[in-house]
Amino acid sequence: MTQTQKSLRALGAAGIAWTCACLGHGAETPAEAGTNKPLPPVVVTATKTETEAARTASSITVIDRAKIEEKQYRQLVDALREVPGLTLADRGAPGTVTGVFIRGTKTEHTRVLMDGRPVPANLAGAYNLETTPLDNIERIEVLRGPAAGIYGGKTIGGVINIITRSGRGLEKPETSVFFETGSYGTFREGISTLGAAGDLDWSFEAARADVQGQRVNSRYGQTSANGRIGWQIAETLRFELDGRWYEAEVGLPGSRFANDRDDNLLTEFWSISPRVIWDTTDGWRQSLTYSFNNFRQVASGFTGFFTPNNRVSIRHHFLEYQSEFRPFDIWTITTGLWLEDQNLTRFNDNIRSLDIDQNETNWAWFLQSQLEVLPGLDFISGLRYDRYSDFDDAVTWRAGLAWRVPVLQTLLHGNYGTAFSPPSGQDRETALFGNPQLARPERSRGWEIGIEQPIPAAKTTLSATWFRNELKDTYQFDLATFALQPIGRARTEGVELGALWEPLDCISFNAAYTYLDADDLSAGVRLVRRPRHNLSGGVSLRPHDKVTVNLSALYIMDREDFDPATFAQKDLEDYLLARLSVNWRVCRNFEVFARVENLLGDNYEDAAGFPAFDTGAYAGIRLKF
C-alpha cells in the first residue's frame, strides 16, 4: 500500500467517524425542526440595488465571509474555482496571469468590480484576479449572463463584484491577527480591525504573503493594505472613503520548456474612492461615486524583440451618479450617468521610448425597472447607451422574469439580453501583434432559462439552468500564426445543474455540474480552454460546535488548448483537484486552521505547458480580540 493510499484510507476513516459522531449529537427534535430558518440572501450586483437573489431573474453565486474562512480561500482565484459555469486557467506559478471564462466567454468579457466600482483593465483587457487577496473581503458575487444593460462593456460573460468588509453597525470593535505557513516556503501574516464609534465606522487590513514556489523562479511576494472610513453626517446623509494598495513581485518561469530564471514582474496598484449617499426621501436614494485607480507594472529579465523589458502604466478615473426611486413598494426605478477614462502607456526598454500610448473615454446613461407584477412574480428590464471615444456606440438591453410558484415554492427565472465588449489595449496594438483597425466591439445576444426547486421534507434544493450566447464580430489570438485572427461568429451554450442537501445542522453536501459547448462557428473548431464537462462538489461537517471540516473536489474534463511546443490545437488531460480544510475555534479568541490543497497529488495543467503545484499542506493560527 502506497503512502497516498494509506493517507486516503485514514482520511476516509476519519470522515466516517466524524459523520457518525455528528449523526449522534446533532439530530433535530421535532420541536426544533424548521426553526432558525436562514434569511433569503440579498445581492446588489444583479440590479445595482439590494434585492433578494431569487427576485433578480439572474444566475448569481454568492461566496460569503463564512465560506471564505471555513474553506480557507486566500486569493480570489481560489474562491472562484467552484463557481458553476466558471473556469480558470492560470500559468501554474502563484501570481501569474489567470484567465477567467464564464459560460465559455473570454476573460475580457467579464467585468470586475470592487464595491460596485469598475477596476482598471490591464493590456489584455482584464483585471489581475491573481493578485487579489481575500483578507478584507465580506463576500464575492458572481453574476453569470449578459449584464451590459446596467454595466456596459466587457459583460458578455458576466460580472464579478468583490465587496469589502465594513464596521458599520458593530457594537464593539473587532481586531484579528493571523499567521500561516506551509509547503513551498509559504508564509502569510496579517492584521485587521473594524468597528464603529458614534457616527464613524471603519475597516482596515494589512497583510503580507510570500511563496518560494515549486519551480525555478516561481517566487511570489505581495504586500497589501486596504481601508474604509464611513461617516454618518446626518440621518439621511452618509460619506464613505475607500482606499487600497498592493505591491506584488512575481517570478515567471514560463512554460515547462522554458524554465526561465530571470523573468520577473513587479506590479503595484493603488486607488482612492469617495462616495456620498443621500436618502432624499423614504422612497428616493441618490449616490455620487468617484474613484481614481493607478496601476503600474515593471517587466525585467526579459530578452528579445517580442518580449522586451518594459514599464506599463494605467491611470483610470470613474465617476457615477445613481438614483434609486421607489414610487410604490412594488416598483423600483434605477437610473444613472457613468463616466470612465483610462490612459494606458508602455515604455519599451529596447527602443528607449513609448511604443504604446492609448486613451479611452466612455460615458453612458442607464435605466432599469424592477416591478413586482403579482406577489412572487417580478419583471426586470433595463436599457443602457454607451458612447466611446475610440469605438462604435452601443445600445444594450435586458429583460428578465422571476416567479416563485405558490405552495410548491418552485422558482422559475428567465433572462434575455444583449452585451458587447470593446477591443482591449492588446487587441489594438501592433507592438503586441494586435490589429489597430479594430473599432467595432464584439457583440452578443444571450439568454437563460432556469428552475430551482426546494424540497423541505428532504432538506434539499435542486436547480437547473439552460444558457446560450451568440457572439459576432469576435476574434481570438492564434498561437499558430502568432496574430489576432477574426472568428466572426462564435456560440457558447450549455446547462448548469446544482444540488444542495442538508440532512442535519452539522452536515451538508453540495454538487454542481456544467456542460458547455463553446465553438468557433466560422472555422468549425472548439474554443480553447473551455472544458466540456465541469463537475464540483463537497461535504461540510461540523462534528463539534467549535470544529468545521470541508472536503471539496473539482473535476475538469474534455478541453483543448494550443500545444506550447508545436502551437497546434490539442486535447488536454482531465484532472481532479481535491481540497481539505479544518478549522478549530479553540476558544472565543483563538482559532487554529489547516488545509491540504491538491489532496490527491494530480499532475495537471490549467493552461498547456504550465504545470500546477503538487500537493501542499498549510496551517496557521488566528487571534481575535
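Each value in this text was obtained by applying a stated rule to the coordinates, not by laboratory testing. None of the values given here were measured: they were computed from a predicted structure. Reconstructed Cβ throughout: ideal geometry from the backbone, glycine too, with neighbour counts over all protein chains shown.
Each of THR474, LEU497, HIS533 was placed along the dipole of the range 465-596 (beta-carbon charges, centred on the mean Cα), and the one lying farthest toward the positive end is LEU497. Panel order for ASP349, ASP378, ASP135, ASP393, by other beta carbons found within 10 Å of each beta carbon, from fewest to most: ASP393, ASP349, ASP135, ASP378.
Which of rounded, prolate or oblate describes the range 137-241 when judged by the alpha-carbon gyration tensor and an a/c cut-off of 1.5?
Values: a/c = 3.16, a/b = 1.22, b/c = 2.59.
Oblate, since a/c reaches 1.5 and b/c is not below a/b.
The range 50-71 and the range 164-191 have Cα centres separated by 22 Å. What's the whole-number percent of alpha carbon pairs in the range 63-111 lying beyond 16 angstrom? Of all Cα-Cα distances in the range 63-111, 44 percent exceed 16 Å.
Dipole magnitude for the chain: about 540 debye, using +1 per Lys or Arg Cβ and -1 per Asp or Glu Cβ, origin at the Cα centre. Among TYR321, TYR513, the order by Cβ neighbours within 10 angstrom, fewest to most, reads TYR321, TYR513.
Pairs of Cα atoms nearer than 8 Å and 6+ residues apart set the relative contact order; for the chain it is 12 percent.
Computed from label points 7 Å out along Cα-Cβ, the spacing between ARG440 and GLN286 is 4.1 nm. Compute log10 of I(q)/I(0) for the range 384-463 with the Debye formula, placing one identical point scatterer on every Cα and leaving out solvent, at q = 0.11, 0.13 Å⁻¹, to two decimals. For the range 384-463 at q = 0.11, 0.13 Å⁻¹, log10 I(q)/I(0) is -0.53, -0.62. Farthest towards the positive end of the charge dipole of the range 312-470, among the residues PHE318, TYR388, VAL405, is the Cα of VAL405, using unit charges on the Cβ of Lys, Arg, Asp and Glu. Loop-resident GluC sites (Glu not before Pro) (DSSP state other than H, G, I, E or B) in the range 110-199 with no more than 10 further Cβ atoms inside 10 Å of their Cβ: GLU171.
In a DSSP loop and with at most 12 other Cβ atoms within 10 Å, the GluC sites (Glu not before Pro) in the range 547-593 are GLU573. Neighbour counts of C-beta atoms inside 10 Å place LEU377, LEU432 in the sequence LEU377, LEU432, starting with the fewest. Within the shell defined by Cβ-Cβ distances under 11 Å, the residues around LEU623 carry a net charge of +2, with Lys and Arg each +1 and Asp and Glu each -1.
Do the alpha carbons of any pairs in LYS71/LYS172; LYS67/LYS154; LYS459/LYS624 sit beyond 31 Å of each other, and which pairs? Where the Cα-Cα span goes over 31 Å, the pairs concerned are LYS459/LYS624.
Helix-only estimate, please: 222 nm mean residue ellipticity of the chain, summing -39500 (n - 2.57) across DSSP H runs of length 4 or more and dividing by its residues, to the nearest 500.
Numbers: 4 runs with 38 residues, N = 625.
Helices in the chain give a 222 nm mean residue ellipticity of -2000 deg cm²/dmol.
Once backbone amide H atoms are built at 1.01 Å from N, GLU429 has GLY434, ASN435 as its partners under 5 Å, excluding neighbours fewer than 5 places away on the same chain.
The Kirkwood hydrodynamic radius of the chain, based on inverse pair distances between different Cα atoms, is 25.6 Å. Just to confirm the filter: which trypsin sites (Lys or Arg not before Pro) across the range 537-582 are DSSP coil and have at most 15 other Cβ within 10 angstrom of their Cβ? Here the trypsin sites (Lys or Arg not before Pro) that fit, given the DSSP loop and packing criteria, are LYS546.
Using the Cα atoms as the points, what is the convex hull volume per residue of the range 222-363 in Å³? Working shown, then result.
On the way: hull volume 21.6 nm³, N = 142.
Residue-normalised Cα hull volume stands at 152 Å³.
Taking only the C-alpha atoms of the range 279-401, Rg followed by Dmax gives 21.5, 66 Å.
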